[in-house]
Every structure is written in structure tokens, then in C-alpha cells.
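Notes for the one structure printed next.
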Amino acid sequence: MRTLVTGGAGFIGSHVAERLLKRGEEVTLLDNFDPYYDPAIKRRTAAELGALGARLVEADLREPAALAEALEGVERVVHLAARPGVRSSIEDPVLTFQSNVNGTLNLLEAMRARPGLRHIVFASSSSVYGGDAVAPFREDQPASRPLSPYAASKRACEHLAASYAELFEFRVTGLRFFTVYGPRGRPDMAIGKFIGLALSGQPVPLYGDGSVVRDFTYVDDIVDGIVAALDRPSPGFEVLNIGGGCTATMRELIDLIGAALGSALEVERHPAAAGDMPKTHADLTRVAERLGFASRVPLAEGLRRTVEWARVQRAQ
Ligand SMILES: NC(=O)c1ccc[n+]([C@@H]2O[C@H](COP(=O)([O-])OP(=O)(O)OC[C@H]3O[C@@H](n4cnc5c(N)ncnc54)[C@H](O)[C@@H]3O)[C@@H](O)[C@H]2O)c1
């Protein structure tokens, strides 16, 4: 069984690829080593996965011609490649839509050209719930008031994929991830950034009053959800939340990171950021029923593991 993992050199993609390789499966990684954050990190990760047996196709989803090679011998797709980040989508919505929406459309079209290839699991986001969400967020909420171009791009991908299920018998699971963290975590996201700054003795930035609430999900739990969706294909189109199952404010997060590090963080206050959801909180009823998913790693334990990983990285 060969699986294509788009965005396979990135944070979540690399963990998915590693899990599949360790199960003895064949994996093709597709990545363009996007400069959203240091591409050298992604190249190192791709080399590590190559040593475990992954095949790498360096290609950009915005270039449809490159996709046929990546799909060679592939039986199912985990689609994670995207321009992530709410703030970057406000600065450059065109780039966000080109990578996320056109990229997804090109991938679906390349799959359509291969009649045996209809099974795709792809990354959506808690941000699709937007301004009209009621916590805890259930998949049957309208998700019709996106607060950023990033959120709109992820919702557009859900609609696109749903149309391929309707028209071309695609079996699609869109997984709405809630703030993912862990080893190899994105350096632009709060947890990775805070731990890095604290370890080098610098203050961490806090936007607004620290009351923003997030449902934080350890990366192994996300991988559990993705692999379960691969193992149990949807009969048509479905969206499912994958969350950590408990929430914390940014203030609480800062205290928990301090506890994991063994010393309190110094905080630098900034005005609240535009486009951010004030609160995210996943209802996990549907994903438990459909995939038997339950999150296994509590926030304090996940932070402990992430700090341990960051310390080892710094020592190298
Ligand atoms: N990390 C989170 O908290 C989170 C939350 C919700 C949703 N998501 C989604 O999960 C997916 C993975 O996120 P991540 O945190 O691992 O991000 P990441 O940036 O670490 O990984 C994305 C990878 O995709 C690649 N990529 C970007 N544009 C590409 C293109 N046009 N062609 C080919 N490759 C391209 C990048 O080089 C990168 O390696 C993304 O779709 C993201 O939107 C992440």
C-alpha cells in the first residue's frame, strides 16, 4: 500500500509519514520546501524520512504537471500541503488561495485522471468554524463566517472535495485539526515559538489579554486520527474534528510551559491580533463514533515531551 503525503516534509506530514513507514507501508512525500518558515528544517526532515525509506518528489501543487510523477503507484492520499497561518493569509491572501485552494484542486484533478485513486484524507482547520461558532464546535454547525482568508481557503477546500465525492465517487475525509503541537512543531506557532524563546532566555510575546482559548492537540493524536481515517475510508464526503479534548487560555498555556521548563516565562504584551478566533473547542462525538478516536495525550504531558525534544535539538 503506497500513500502520498503532500506537505510530507512539514510538521504534521512528517509525523504521518513516519508512522506509516514504521507500519511497513510505502510512502511518497510531495513538498515544495515552501519558505513560510526555514526550508532547511524541512530538508533535514525529508532526509530523515528518506533514510526510513520514503520516496521524495520535490514539486509544487500549484504546478499540475508535477503531480503525475508524485501519484505513480499511489493508492491513497493524505493531503496536508498548504500555506498555513492566519496572519500570513491576511498579508498575502492570493498566495494562500493559490497554494491551498488551487493546489487542492490540481491534486483532485490529478487523482481524477487515475480511476483507481479515489481515497483522500485532507487537512482542514478549526478556523473554518469562524465568527458564528458555538463551543464546543460540532461538525454540523454552519461554518459560514470565516474570520480570515486562511479559514476561507480551508472551507473552500472542503466544498471542492465534497463536489468530487458527489461527481466522481471520491471517498473524502476532511479533518478539522485544532491547534497542533509537538516535536518538529512549526516555529511560527505559539508553543514552538515560546519554548524556543524561553530556552534562549528571551521574553515571549502575548497578544491581547491572554484570554484567547485554544483546544491544543498533541501531534501523535492528530496522526492517530489521520491513520484511522485512512484505515476506515469514508463512503463519500465527511468532515470530522480532531482535537485534544481539553482547552486552555494563552495565560494558562504560558504557565504550563513554564512548569514544563522548570521556570516561569517572561511575557511581553502586544495588542490583540486580527483574524484570530477568540476560542476553539472541539466536540469529539462524531470522530469517536466514526473512527473510534479519543485523544490520548493531555496538554501538560504533551508540553513535557515537546520541551524535552526542544532541549535535545538545542544540544545538537
Ligand atoms: N499545525 C496546526 O496547528 C494546524 C491546524 C489546523 C490545520 N492545519 C493544517 O495541517 C496541514 C499541515 O500543517 P503543518 O502545521 O504541518 O504545516 P507545515 O508548514 O509544517 O507543513 C506544510 C508543508 O506543505 C508544504 N507546502 C506548502 N505549500 C506547498 C505547495 N504549494 N506545494 C507543495 N508543498 C507545499 C510546505 O513546504 C510544508 O512542508 C496544513 O494544511 C495546515 O493548514 C495545521
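No lab work stands behind these numbers, since they all come straight from the coordinates. The model shown is predicted, which means the values in this text are computed figures rather than measured ones. In this analysis, Cβ positions are derived from the backbone assuming ideal geometry, glycine residues included, and neighbour counts consider all displayed protein chains.
List every residue whose amide H lies under 5 Å from the amide H of Arg171, counting only residues 5 or more places away in sequence or on a different chain, with H placed 1.01 Å from N in the peptide plane.
Under 5 Å from the amide H of Arg171 lie the amide H atoms of His119, Ile120, each far enough along the sequence or on another chain.
Counting only residues 5 or more places away or on other chains, whose amide H sits under 5 Å from the amide H of Ser124 once H atoms are built in the peptide plane?
Those qualifying (amide H under 5 Å, at least 5 residues apart or on another chain) are Leu175, Arg176, Phe177.
Which whole-number percentage describes the relative contact order of region 2-315, with Cα contacts under 8 Å and a sequence gap of 6 or more?
17
Could you give me the ³J(HN,Hα) list for region 232-238, computed from phi with Karplus coefficients 6.51, -1.76, 1.60 and θ = phi - 60°, whole Hz, x at Gly and Pro?
10, x, 5, x, x, 10, 8
Across 10 Å bins from the origin, how do the percents of Cα pairs in region 1-51 run, short distances first?
Per 10 Å bin, starting at 0, the Cα pair percentages come out as 29, 57, 13, 1.
Ala59's amide H: which non-local residues (gap 5+, or another chain) put their own amide H closer than 5 Å, with H modeled 1.01 Å from N in plane and none for Pro or chain starts?
Here Asp31, Asn32 satisfy the definition.
Please report, to two decimal places, log10 I(q)/I(0) for the chain at q = 0.12, 0.15, 0.16 Å⁻¹ as given by the Debye formula with identical point scatterers on the Cα atoms and no solvent.
The Debye formula, applied to the Cα set alone, gives -0.78, -1.27, -1.46.
When DSSP assigns beta bridges and you keep just the ones with both residues in region 2-315, what percent turn out antiparallel, to the nearest 5?
10
List the relative contact order of region 37-145 as a percent without decimals, with contacts defined as Cα pairs under 8 Å and 6+ residues apart. Walk me through the intermediate numbers first.
On the way: 86 pairs, mean separation 26.2, N = 109.
Relative contact order comes out at 24 percent.
From the C-alpha coordinates alone, can you work out the Kirkwood hydrodynamic radius of region 187-306, in Å?
For region 187-306, inverting the mean 1/r across all distinct Cα pairs yields 15.7 Å.
Roughly how many whole Å is it from the C-alpha centroid of region 110-173 to that of region 32-76?
23
What number comes out for the charge environment of Ser295, summing +1 per Lys or Arg and -1 per Asp or Glu over other residues with Cβ under 12 Å away?
-4
Pairs of Cα atoms under 8 Å, at least six residues apart: use those to get the relative contact order of region 189-304, whole percent.
The value is 40 percent.
Which of the peptides 24-35, 111-122, 174-185 is most tightly packed, and how do the rest follow, going by the mean number of other Cβ atoms within 10 Å of each residue?
Going from most to least packed, we get 174-185, 24-35, 111-122.
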